[in-house]
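Asks: The following block contains the structure, expressed as structure tokens.
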2 protein chains.
Amino acid sequence: MYRVSVYVTPKAGVVDPQGAVVERALPALGHSGAHDIRVGRYITLEVDGSDAEKVKADVDDMCRRLLANPIIEDYRFDIDAAEAAPREGA
Amino acid sequence: MYRVSVYVTPKAGVVDPQGAVVERALPALGHSGAHDIRVGRYITLEVDGSDAEKVKADVDDMCRRLLANPIIEDYRFDIDAAEAAPREGA
């Protein structure tokens with residue numbers, strides 16, 4: 001089993017309304033030194049399997065087809081082998 | 001100047017509707033081995049300043065007051081010293 005972290009970010013040059021809202025809001029909270037704010041998504045998942053190359057190919061396919069919009073977003077991901085431990089209770 | 005990456009995730013035990021939707025959609029795309037999907041936010045920003053401790057305290061305050069909802073979300077962040085290079089053209 002692999003633990004996967006996916007990072008989805010708006011492509012450079014694509015308008016990021018959420019980032020713009022945060023950037024306008026921060027000075028009112030006393031944080032005027034923050035800029036270039038971009039808001040993306042951080043997705044964590046677990047994928048069954050023992051072949052890292054296959055898991056990487058599967059996750060790339062998930063990103064292209066569902067998790068990211070490749071027209072306007074970039075994505076990258078890390079995979080990390082994990083023991084198939086009993087799931088934590090929620 | 002520091003480059004900051006903020007990772008916001010739904011707390012364990014908090015219902016994550018986006019994650020549930022992704023988990024239901026993936027089998028139709030041929031990915032039945034993915035589970036425990038959680039969708040959070042990945043926020044990148046740049047913060048002016050030369051004192052890492054002050055920048056950390058500032059970012060922690062931004063997270064608690066604007067970027068995350070501490071009732072239902074966890075957050076963590078990395079900061080990374082960056083040269084004050086000319087900003088990239090978009």
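The values are calculated or read from the model by the stated rules, or taken from the named source; none is laboratory data. What you are looking at is a predicted structure, and each value in this text was computed from that prediction instead of being measured. Cβ placement follows ideal geometry from the backbone for every residue including glycine, while neighbour counts extend to all protein chains displayed. Protein only, heavy atoms only, side chains kept; ligands, DNA and RNA dropped before computing areas. Shrake-Rupley method; radii C 1.70, N 1.55, O 1.52, S 1.80 Å.
Asks: Residue check: is A:Ser50 touching an Asp or Glu at 6+ places or on another chain (Cβ under 9 Å) and of a type in the set (S, T, N, Q)?
Replies: The answer is no for A:Ser50.
Asks: If you don't mind, another one. Given the residues B:Ser50, B:Ser5, which is the only one that is in contact with a strand residue (DSSP E or B) (Cβ under 8 Å, 6 or more places away or on another chain) and more than 7 Å from every other protein chain (Cβ to nearest Cβ)?
Replies: B:Ser5
Asks: Residues in region B:18-37: is at least one more than 9 Å from every other protein chain (Cβ to nearest Cβ), within 20 Å of A:Val39 (Cβ to Cβ) and modelled with pLDDT of 95 or more?
Replies: Yes, region B:18-37 contains a residue that is more than 9 Å from every other protein chain (Cβ to nearest Cβ), within 20 Å of A:Val39 (Cβ to Cβ) and modelled with pLDDT of 95 or more.
Asks: For the subset of region B:53-66 comprising residues that are more than 7 Å from chain A (Cβ to nearest Cβ) and of a type in the set (A, V, I, L, M), which member is most open to solvent (accessible area, probe 1.4 Å)?
Replies: Ranking the candidates gives B:Ala57 first.
Asks: Sticking with this one: Considering only region B:18-36, I want to know if a residue exists there that is among the polar types (S, T, N, Q) and either touching a Phe, Trp or Tyr at 6+ places or on another chain (Cβ under 6 Å) or not in a helix (DSSP H, G or I) (or both).
Replies: yes
Asks: Given (1) open to solvent by 80 Å² or more (accessible area, probe 1.4 Å); (2) not in a loop (DSSP other than H, G, I, E, B), identify the lone condition not met by A:Ser50.
Replies: (2)
Asks: Report, by residue number, each residue of region A:1-39 that is open to solvent by 30 Å² or more (accessible area, probe 1.4 Å) and within 15 Å of the chain's Cα centre (by Cα).
Replies: A:Arg3, A:Thr9, A:Lys11, A:Arg38
Asks: Could we say that B:Ala90 is at pLDDT below 95, open to solvent by 60 Å² or more (accessible area, probe 1.4 Å) and either touching a helix residue (DSSP H, G or I) at 6+ places or on another chain (Cβ under 7 Å) or not charged (D, E, K, R) (or both) here?
Replies: yes
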